[in-house]
Amino acid sequence: MLVKHRPFDEFGLARSMRDFDDVVRTFFGDPQSAAAPVSGQPWTPPVDIAETEHELVVKADLPEVKPEDLEVKVENGTLTLKGKREFEKKEDAKGYHRIERSYGSFVRAFSLPDSVDPEKIQAGYTNGVLTITLAKKELAKPRTVKVSVQAA
């Protein structure tokens, strides 16, 4: 029988190292640290961008962000997402042991290709996911042209 040797666990050092790592990340401003809600450091929501034949689709995970706290705009070929997620302190809450989710303001900006039609952009927000659909211009859509070949 093989037993994995963990010398640091015998003295509780593994936990101490994790605690030390948390303190270091908090001190140096890691956006995933406990300092984020207190200092209002910016955070970066994750985004997926997919392309189909007729459109680009941008999906951003924005849990607990209110729709009125979101701004989506296209200007000079750049799609900009702005918003904020507030940290809710409850007076009757006992106290947090760990805070890893980020709070405060965020800004994401994406350069759009010339193929996007800025007049045909739609946005929806459901279950904490912002979905932006950017239609392509007619010229950018792939098309098939049948060419007849004649014998000479």
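The values are calculated or read from the model by the stated rules, or taken from the named source; none is laboratory data. Small disclaimer: the values here were computed from a predicted structure and weren't measured. Note that we place each Cβ from the backbone using ideal geometry, even for glycine, and neighbour counts take in every protein chain shown. Side chains are part of the model used for accessible areas, which takes the heavy atoms of the whole protein and leaves out ligands, DNA and RNA. Shrake-Rupley method; radii C 1.70, N 1.55, O 1.52, S 1.80 Å.
Of note:
- Residues of segment 50-72 with an amide N closer than 20 Å to a point placed 7 Å from the Cα of residue 78 along the Cα-to-Cβ direction: 58-60, 70-72.
- Rolling a 1.4 Å probe across the protein heavy atoms gives segment 63-152 an accessible surface of 79 Å² per residue.
- Pairwise FRET efficiency - residue 108 versus residue 152, Cβ, R0 = 41 Å, nearest 0.05: 0.10
- The relative contact order of segment 106-152 comes to 31 percent, based on Cα pairs under 8 Å that sit 6 or more residues apart.
- In the structure shown, the pairs 82/136; 73/120; 82/137; 84/120; 66/120 are assessed against 20 Å; a Cα-Cα span above that value is assigned to 82/136; 82/137; 84/120; 66/120.
- Amide H within-cut-off set for residue 112, under 5 Å, with H built and near neighbours excluded: 78, 79
- Note on residue 123 and residue 144: their simple-model spin labels are 3.7 nm apart, each label 7 Å out from Cα toward Cβ.
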